[in-house]
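Beneath this line is the structure, given in structure tokens, with notes to follow.
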Amino acid sequence: MSRVKNFFSLVETIFNSRRLRTILAALFFVVGLFGYLFYLFEPDIKNYGDGLWFALVTITTVGYGDIELTTTIGRVIASALMLSGLGLVATITAIVSAKFITNYVDSHTNDDVLEKLQELETEIEKIEELEDNVLGKLKELETDVDKLNKKIQ
């Protein structure tokens, strides 16, 4: 259950990222803009929805082939979308990956630090026991030395 909770916490952290929200907003804007441009300049794209579909398929580099560009301006627009799409999608991937790695490193670093702390506490307890034993032996030796000093006098 804690893994599920950690996963949802991570997803919440990822989507609370201002950079990610900005890039996603830019991605939606670009898809919307280029979808409209395809609708305007391509005769095979009959409505704005088809333009959005083609822009989304193009920006993700899927390319289903259900719509083909027939004009030079359409191909230029698609080329610009492909290039900008690679950058936007790569940036989103980088942001999400960085959040996952940060979360992984933080949780494992904390676990490692706690483990080392417990080891140190155990070692300190052992040293304190040794110290008590040595102090006890020193008191015995002190008593023995006092007895010997009394015998000598």
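Which value at 222 nm does the chain reach when only helices count, each DSSP H run of 4 or more adding -39,500 (n - 2.57), with the total divided by all residues and rounded to the nearest 500 deg cm²/dmol? Don't jump to the answer; show the numbers that get you there.
Values: 4 runs with 131 residues, N = 153.
Result for the chain, helices only: -31000 deg cm²/dmol.
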- Can you check what the net charge comes to around Val134, using other residues whose Cβ is under 12 Å from the Cβ of Val134 (Lys, Arg +1; Asp, Glu -1)? -3
- Under unit Cβ charges (Lys, Arg +1; Asp, Glu -1), what dipole magnitude, rounded to 20 debye, does the chain have relative to its Cα centre? 720 debye
- Determine which lysines satisfy two conditions relative to Lys137: a Cα distance under 17 Å, and not lying fewer than 8 residues away in the same chain. Lys126, Lys147
- To the nearest 0.05, the calculated FRET efficiency linking Asp44 and Thr22 through their beta-carbon distance, R0 being 30 Å, is 0.35
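Under the √(5λ) rule applied to the eigenvalues of the Cα gyration tensor, what semi-axes describe the equivalent ellipsoid of region 2-108? Give them in Å, descending.
35, 12, 11
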- Query: Quick one: helix 48-59 against the long Cα principal axis of the chain, what's the angle to the nearest 10°, folded into 0 to 90?
  - Reply: 50 degrees
- Between Ser79, Ala94, Val30, whose Cα lies farthest towards the positive end of the dipole of region 2-108 when Lys and Arg beta carbons carry +1 and Asp and Glu beta carbons carry -1, centred on the Cα centre? Ala94
- Counting Lys and Arg as +1 and Asp and Glu as -1 over every other residue whose Cβ sits under 15 Å from the Cβ of Leu69, the net charge comes to -3
- Message: So if I take the centroid of the Cα atoms in region 21-58 and the same for region 109-153, what is the distance between those two points in Å?
- Response: 76 Å
- Message: Over the chain, with a Gaussian network built from C-alpha contacts below 10 Å, which listed residue (Leu88, Leu20, Leu69) shows the highest mean-square fluctuation?
- Response: Leu69
- Partner lysines for Lys99 [C-alpha distance under 30 Å; skip if fewer than 8 residues away on the same chain]: Lys5, Lys116
- Item | Choice from Ile95, Ile23, Ile73 showing the highest fluctuation, given a GNM over the chain with Cα pairs closer than 10 Å | Ile73
- Under 13 Å from the Cβ of Leu56, count the other residues' Cβ atoms, weight Lys and Arg +1, Asp and Glu -1, and hand me the total. -2
- Task: Treat each spin label as a single point 7 Å out from the Cα along the C-beta direction, and report the Glu128 to Leu33 distance in nm.
- Result: 6.6 nm
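Read the figures in this text as sums done on the coordinates, not as results from a lab. Computed from a predicted structure; not experimentally measured. Methodologically, a virtual Cβ is constructed for each residue, glycine included, from the backbone with ideal geometry; neighbour enumeration extends over all protein chains shown.
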